[in-house]
Amino acid sequence: MEDAQIVNGLIRRCVAGDAVAWEEVVQRYHRRIFNICYRFAGTSDDAQDLTQEVFIKMYRTLNSYDVERGAFMTWVTTMTRNLLVDHFRKTKQDRVTDSIDAAPSDHEDAMPLSDRIEDQSAPPDARVQSREAKQAVHQALQKLSPELREAVILRDLQDMDYREIAAVLKVPEGTVKSRINRGRAELARLLQRIYRQVM
Amino acid sequence: MPGESHNGMQCNEFEALLFDALDQKLSGGKQERFRAHARACTKCGPMFAEVEAGQHWLKSLTEVEPPANLVNDILAASSGIQSYRLQSTVPTKHRPSLGERIREWVDSLLTPVWGTVRQPRFAMSFGMAFFSLSVALSVAGVKPTDLKQADLSRSGLRRTYYTTSARVVKYYENIRLVYEIESRVQEFKRATTPAEPGPKEKERDKTRKDNTSGQPEPRQERNYSRDENQPVLAVAPEDPPAVSVTTIRRLV
């Protein structure tokens, strides 16, 4: 049985009130949704809350999912993206447009991004260097505009094809490609600027 | 410079092939021409380098592990049901049987009572109560063996009820018959031998009955040892009791 058929079967069971099927759906998609939320929102706590919101909404609107209109994954990703946009709008007032040298929040070290990049040049341990580089990229990703950020997250982190991304973002494929290009370039420029500062 | 050509490829063609190049989808010849244009073109070369670097950085980000409790939280928040998998993987605690649960419940009830009962004064009281009850039962003719043989079925209880009530009614009727016979015998005795009242009482009754003058009966004296016209004199006692008077003066 194909994956799409299995998923459709699960959805039908969920709509019929099968709790085991619902848990199967949660097990299948929670990791992916959490990662999208984490990369977009930037913090683990926000990602956890947003992931829960996505699943609560999914649970309530599962009977509105139409198999004919597209893959379940696209439906779920669209729902996630819409909630992320709502979250972004809600927190816009609270967000401080700090510089890239601002101290990071949450579980990350209370060290400015440039300091962490600086440490990259002479790291005591390759694993630490790798982890800090990833953290630097994650921080730089948060500096992108939400349109560019969501496009590169869906393409480069979630490996979605351009057509699916266009369906999720409700924009033409050309716009998707343009945003991905600009997002990647902007991210590279941000990281290069940091490198130039510390070198 | 969309129309600018470098190594046989124009910039607009370069941009069109950009995504295929980044996705490693270009064939050998096209790939070479694409790379050559990137090296030669001052606009497309840096742009391609930036986009490729950005893609490289993004690809370095690995998937993060969600918190362990996320699935459970989602299930609790959405459907309100805990994870079936977690329930099945968590070693199940020994579930006490119904008998054990009843015993635990009875123990929890009896433990404080038993502690009180074991005190000597309560033990003596309960002992006396038990002794009294057993004596009362043995006097009444109730034996424990009778209780064992008692039929506690519905029909048995009904039969016992009717038998007992019939016995009570019969007993009552017998008693009534006995009392009636007894009262008749007494009446018969009284009729044959009239009872004689006592002499003093007899006389008083007689005078009361014979008084036909219409005068009221003489008033019963309050002072039984004195005549009505005899004056009562006040006599000071020889040894008057000492009276102590306490004066409370009010200070003005």
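Only the coordinates and a few stated rules stand behind these numbers; no lab work does. Keep in mind the model is a prediction, meaning the values are calculated, not measured. With ideal geometry, Cβ positions are generated from the backbone for all residues, glycine too; neighbour counts draw on all protein chains shown.
Dipole orientation for region A:1-45: of the candidates A:34, A:5, A:16, A:34 has the Cα lying most toward the positive pole (charges on Cβ; Lys, Arg +1; Asp, Glu -1). Applying 1/(1 + (r/R0)^6) with R0 = 56 Å to the Cβ-Cβ distance of residue B:49 and residue A:18 gives a FRET efficiency near 0.60. Extending 7 Å from the Cα toward the beta-carbon at both residue B:15 and residue A:56 defines two label points whose distance is 4.5 nm.
Full extension of the chain segment joining residue B:42 with residue B:121 gains 17.6 nm, where the gain is 0.36 nm per residue of separation less the Cα-Cα distance. Indicate the gyration tensor shape class of region B:98-142 (rounded, prolate or oblate), computed on the Cα atoms with a ≥ b ≥ c the square roots of the eigenvalues: a/c under 1.5 is rounded; otherwise a/b larger than b/c is prolate and the rest oblate. Note, shape of region B:98-142 comes out oblate.
Residue by residue through A:177-188, how many Cβ atoms from other chains fall within 10 Å of the Cβ on average?
Numbers: counts 4, 1, 0, 6, 10, 3, 4, 10, 10, 3, 8, 10.
Other-chain Cβ atoms within 10 Å of each residue's Cβ, averaged: 6.
Only the Cβ atoms of Lys and Arg (+1) and of Asp and Glu (-1) were treated as charged; on that basis the dipole of region B:5-60 about its Cα centre amounts to roughly 140 debye. For region A:1-95, the square roots a ≥ b ≥ c of the C-alpha gyration tensor eigenvalues yield an a/c of 1.5 or more together with a/b exceeding b/c, which makes the shape prolate.
In terms of its alpha-carbon gyration tensor, region B:5-60 comes out oblate; a/c meets the 1.5 threshold, while b/c is at least as large as a/b.
Per residue of peptide A:132-144, the mean number of Cβ atoms on other chains within 10 Å of the residue Cβ is 2.
In region B:5-60, taking the dipole from charged Cβ atoms about the Cα centre, the farthest positive-side position among B:19, B:38, B:56 is held by B:38. Would you please state which residues of region B:150-171 a label at residue B:143 would reach in this model, taking the label point 7 Å out along Cα→Cβ and a backbone N cut-off of under 17 Å? Counting backbone N atoms under 17 Å from the label point, the list is B:150-151. Neighbouring Cβ atoms from other chains, within 10 Å of the Cβ of residues in B:64-72, number 6 on average.
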